[in-house]
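Written out below as structure tokens is the structure these notes cover.
Taken together, the values in this text are just the output of simple stated rules run on the coordinates, not laboratory data. Every value quoted in this text rests on a predicted model; they were computed, and no experiment measured them. Cβ placement follows ideal geometry from the backbone for every residue including glycine, while neighbour counts extend to all protein chains displayed.
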Amino acid sequence: MPPVLSISGLSKTYQGGFQALTDVDLEIEKGEIFALLGPNGAGKTTLISIVCGIVTATAGKVTVDGHDIQRDYRVARSKIGLVPQELTTDAFETVWDTVSFSRGLFGKAPDAAHIEATLKSLSLWDKRKEKIMNLSGGMKRRVLIAKALSHEPEILFLDEPSAGVDVDLRRDMWAQVRALRESGVTIILTTHYIEEAEEMADRIGVISQGKLVLAEQKETLMQRLGGKELTLQLQDPLSEIPAELGEWNLTLGDDGYALIYTFDANEERTGIPSLLRRISDLGIGFKDLNTRQRSLEEIFVSLVRNGA
């Protein structure tokens with residue numbers, strides 16, 4: 001099955017010479033949840049804006065379900081729903097009216113049953129007659145999602161969907177996103193919350209300084225780059241790592257009281273026994289040791305640092 005979204009050689013240079021995107025290639029499969037991670041200014045919003053027809057690319061090609069976003073703009077755009085990061089909506093309109101109006105913008109015939117089902121799925125039915133200005137920030141974000149779903153898109157972009165909402169509402173929104181995926185909608189989200197990507201995404205992409213560093217299955221990424229850490233709690237602090245330990249990937253922590261070894265648990269030889277023998281030979285005493293899996297956040301920080 002061809003990808004529902006195909007991006008090839010996408011670049012964007014703004015007036016003044018700022019290079020926001022550089023030769024981005026990416027394919028999204030139908031029905032997956034893809035999380036795009038990156039620091040502020042990395043190019044996440046520019047990428048989404050180009051696909052959604054808000055910003056024009058300098059170079060490259062984008063197709064949505066086989067339709068070129070420039071040649072077949074109307075068809076391509078009708079297949080996309082966008083939930084922007086900013087809480088911008090019509091303050092004096094009711095929830096029902098603003099969601100219904102959004103459906104009409106895409107040339108869709110009125111469908112009260114669909115609007116009702118959408119509002120109920122987002123716990124907005126009881127608020128349908130309320131003006132947007134009277135809603136809480138979390139409810140306004142739900143309205144943005146309802147507007148994006150009003151014309152029954154096949155792809156839903158969520159730009160920082162959990163920004164500014166509390167933990168309970170964030171987890172509620174995660175459940176809603178999963179339900180959308182189950183209904184056949186492809187989800188592409190940008191996020192600063194690493195746990196959001198770890199909790200929901202099938203695949204994770206990392207973008208840094210306008211370049212896509214990688215795009216991999218979450219489990220593959222964790223397995224390939226996650227690694228494990230062995231931490232030795234030392235009896236006496238070290239000011240530096242002895243040269244005799246140079247063949248191991250070691251760092252110091254806890255003001256020199258912790259010696260940390262990062263290794264690949266999938267390797268046949270982890271190097272731990274030889275490391276412990278060498279430490280003993282050097283007379284370095286330790287009072288405790290433990291191992292743990294590196295988190296997605298640590299992997300992300302490492303990728304951005306190395307990709308910069």
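With a point put 7 Å past each Cα toward its Cβ, work out how far Thr56 is from Arg278 in nm, to one decimal.
According to this spin-label approximation, the distance is 5.9 nm.
If you place +1 on the Cβ of every Lys and Arg and -1 on the Cβ of every Asp and Glu, how big does the dipole about the Cα centre of the stretch 5-223 come out, in debye to the nearest 20?
600 debye
Taking the Cα centre of each part, how many Å lie between the stretch 44-73 and the stretch 88-164?
A separation of 24 Å, based on Cα centres.
Out of these labelled values of log10 I(q)/I(0) by the Debye sum over Cα atoms at q = 0.09 Å⁻¹, (i) -0.43; (ii) -0.49; (iii) -0.57, which was calculated from the coordinates shown here?
The calculated read-out lines up with (iii).
Of Thr45, Thr58, Thr98, which is the most mobile in a GNM of the chain whose springs link Cα atoms less than 10 angstrom apart?
Among Thr45, Thr58, Thr98, the largest GNM mean-square fluctuation belongs to Thr58.
Take every DSSP beta bridge whose two residues both sit in the stretch 5-223, then give the antiparallel share in percent to the nearest 5.
55 percent
Which of Gly43, Gln70, Phe106 sits farthest toward the positive end of the charge dipole of the chain, with +1 on the Cβ of Lys and Arg and -1 on the Cβ of Asp and Glu?
Of Gly43, Gln70, Phe106, it is Phe106.
Return the distance in nm (one decimal) between the two label points of a simple spin-label model at Thr262 and Glu219, each offset 7 Å from Cα along Cα→Cβ.
Taking the two extended label points, one gets 2.4 nm.
Once a ≥ b ≥ c are taken as the square roots of the eigenvalues of the Cα gyration tensor of the stretch 1-96, is the result rounded (a/c under 1.5), prolate (a/b larger than b/c) or oblate (a/b not larger than b/c)?
The shape class here is oblate.
Can you check how the C-alpha radius of gyration of the stretch 227-293 compares to 2.2 N^0.38 Å, as a plain ratio?
Against the empirical 2.2 N^0.38 Å value, I get 1.03 for the stretch 227-293.
Going by how many other Cβ atoms sit within 10 Å of their own, how do Arg170, Arg74, Arg141, Arg203 line up, fewest first?
Arg74, Arg170, Arg203, Arg141
Distance between the C-alpha centers of the stretch 176-217 and the stretch 234-263? Whole Å please.
Here the two parts' Cα centres lie 35 Å apart.
In what order do Ser274, Ser6, Ser100, Ser150 fall by count of nearby beta-carbon atoms within 10 Å, going from fewest to most?
Ser274, Ser6, Ser100, Ser150
With θ set to phi - 60°, apply the Karplus curve 6.51 cos²θ - 1.76 cosθ + 1.60 along the stretch 126-131 and write out the HN-Hα couplings as whole Hz, x wherever there is a Gly or Pro.
5, 9, 4, 9, 6, 6
Semi-axes of the equivalent ellipsoid for the stretch 61-164, please: Cα gyration tensor eigenvalues, times 5, square-rooted, ordered largest first, whole Å.
Values for the stretch 61-164, descending: 25, 16, 11 Å.
Specify the longest stretch of the chain that does not include any exposed loop site, a site being one of the chymotrypsin sites (Phe, Trp or Tyr not before Pro) with a non-H, G, I, E, B DSSP assignment and at most 14 other Cβ atoms within 10 Å. All intermediate terms of the calculation are to be shown ahead of the outcome.
Numbers: sites that count: Tyr14, Phe18, Phe92.
After excluding every exposed loop site, the longest remaining stretch is 93-308.
If I build a Gaussian network model for the chain, linking alpha-carbon pairs within less than 10 angstrom, which residue out of Val95, Val83, Val55 has the largest mean-square fluctuation?
The residue that fluctuates most here is Val55.
Given 10 Å bins starting at zero, what is the percent of C-alpha pairs of the stretch 114-164 in each, up to the one with the largest pair distance?
Result returned by the calculation: 25, 55, 20, 0.
Could you work out the relative contact order of the chain, using alpha carbon pairs under 8 angstrom and six or more residues apart, expressed as a whole percent?
Taking the mean separation of contacting Cα pairs over the length of the chain, I get 20 percent.
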